[in-house]
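Note sheet for the following structure.
The values are calculated or read from the model by the stated rules, or taken from the named source; none is laboratory data. Treat the numbers as computed from the prediction; the structure is a model and nothing was measured. Cβ atoms come from the backbone with ideal geometry, glycine included; neighbour counts cover every protein chain shown.
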Amino acid sequence: MIDIHSHILPSVDDGSKSMEESLGILRQLQGEGFNTILATPHVMEGTDYLQPQEILTATESVRQRAIEAGITVEVFPGAENYIFPEMAKWARDGKLMTLGNTGTYILVELPMMEIPRYTDQVFFELQVEGLTPVLAHPERYQGLFREPQRITEWAKRGILFQIDFRSLSGRYGPQPKRLAERMISSGLIHFVGSDAHRISRSESTNKEALQTLRQMLGEERFEEVTIKNPRSILEGKVIQCSSDYMLNDVDIKKKKRSLWSIIGKIMSK
């Protein structure tokens, strides 16, 4: 499998704090079934923003140390770029790192609490520059809890989505878990990521979340979002997606009520 979202570069953002921790995260992700990891440190607008060359240098250091440590996971560069109005211009000027450094896909992060008014415009401008925006962990944004229809609107415009598979374990709360389930059931997931910032204490939970994802998607779709689509990123190839999307409602509580209703009827006979 290929993880397109992680924070494994040491001492560049709020992720790994040391090279040893980075290697520990790689070992854990390898144990969970990933053989390729994209390092996607946070990049934010500002005078001290993390530049592409810094990311390339840090990624190469981790890659070399992983080889020396006998870790077989491949490591590629990327970035989780926090949205801002001038993002497309920065991308055009070569100031933002794309996924895999192929100049085709760009991982974009929104504020957790609200959707900026300029989001649609930025997505459009990135596409004009020949980049496909990949929205990081849409299931975790408060703004999309309130306006889930934005997900299908963006999907129809060619925006792709990456969920944090740990959302399915309830790691981020019940709302992200529910929205992730809705998106999965609607065919609105294109990639997965660990969003790993440090060595996880719940490795078995992570494996269970991946197994849940596999069961919900089915084997063919699971392979598509964990291998085929991310491989297209690394090869700079276009991912063909449907333009006809609907966000299904997965009413787990209703299913549970229905089950207890059936049991009640059986017991009353």
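Please indicate, with yes or no, whether at least one residue in the stretch 85-99 is in contact with a His (Cβ under 8 Å, 6 or more places away or on another chain) and crowded, with 21+ Cβ neighbours inside 10 Å. Within the stretch 85-99 (the criterion being in contact with a His (Cβ under 8 Å, 6 or more places away or on another chain) and crowded, with 21+ Cβ neighbours inside 10 Å), the answer is no, since none of the residues qualifies.
Looking for whichever is modelled with pLDDT under 95 and at negative phi here; the options are ARG171, ARG140, ARG150. Which one fits?
ARG171
The set of residues in the stretch 158-212 that are under 27 Å from LEU23 (Cα atoms), of a type in the set (Ser, Thr, Tyr), surrounded by fewer than 22 Cβ atoms within 10 Å (Cβ to Cβ) and touching a residue at least 12 places away in the same chain (Cβ under 8 Å) comprises SER169, TYR172, SER200, SER202, THR205, THR212.
Being of a type in the set (S, T, N, Q) and either at pLDDT 95 or above or under 29 Å from GLY130 (Cβ atoms) (or both), is that true of even one residue in the stretch 195-213? So far as the stretch 195-213 goes, yes, one or more of its residues are of a type in the set (S, T, N, Q) and either at pLDDT 95 or above or under 29 Å from GLY130 (Cβ atoms) (or both). If you go through the stretch 107-135 and keep only what is closer than 14 Å to LEU160 by Cβ and of a type in the set (Val, Ile, Thr), you end up with VAL108, THR132, VAL134.
For the stretch 124-133, a residue qualifies if it is part of a loop (DSSP other than H, G, I, E, B), within 13 Å of TRP90 (Cα to Cα) and not charged (D, E, K, R), and exactly one does: LEU131. For the stretch 8-22, the set of residues classified as touching a residue at least 12 places away in the same chain (Cβ under 8 Å), surrounded by fewer than 22 Cβ atoms within 10 Å (Cβ to Cβ), farther than 20 Å from LEU107 by Cα and touching a helix residue (DSSP H, G or I) at 6+ places or on another chain (Cβ under 9 Å) consists of MET19 only. Condition test on ILE25, is it crowded, with 23+ Cβ neighbours inside 10 Å and within 15 Å of the chain's Cα centre (by Cα)? Here the answer is no, as ILE25 does not meet what is asked. Taken over the stretch 50-65, residues that are surrounded by fewer than 17 Cβ atoms within 10 Å (Cβ to Cβ) and either without any contact (Cβ under 8 Å) to a residue 40 or more places away in the chain or not in a helix (DSSP H, G or I) (or both) amount to 5. Looking at (1) touching a Leu at 6+ places or on another chain (Cβ under 8 Å); (2) more than 27 Å from GLU45 (Cβ to Cβ); (3) surrounded by 21 or more Cβ atoms within 10 Å (Cβ to Cβ), which is the one condition that is false for LEU135? Single failed check for LEU135: (2).
Per this entry, ALA79 is not counted among residues that are touching a Leu at 6+ places or on another chain (Cβ under 6 Å) and either free of Cβ contacts under 8 Å to residues at least 40 places away in the same chain or among the small types (Gly, Ala, Ser) (or both).
Within the stretch 11-26, is there a residue that is modelled with pLDDT of 95 or more, within 26 Å of LYS95 (Cβ to Cβ), of a type in the set (Val, Ile, Thr) and not in a loop (DSSP other than H, G, I, E, B)? The answer is no, given that none of the residues of the stretch 11-26 is modelled with pLDDT of 95 or more, within 26 Å of LYS95 (Cβ to Cβ), of a type in the set (Val, Ile, Thr) and not in a loop (DSSP other than H, G, I, E, B). Can you name every residue in the stretch 221-252 that is under 25 Å from ILE106 (Cα atoms), over 17 Å from the mean Cα position of the chain (by Cα) and part of a helix (DSSP H, G or I)? Within the stretch 221-252, just GLU235 meets the criteria. Counting the residues of the stretch 56-103 that are farther than 18 Å from TYR118 by Cα, aliphatic (A, V, I, L, M) and under 22 Å from the mean Cα position of the chain (by Cα) gives 9.
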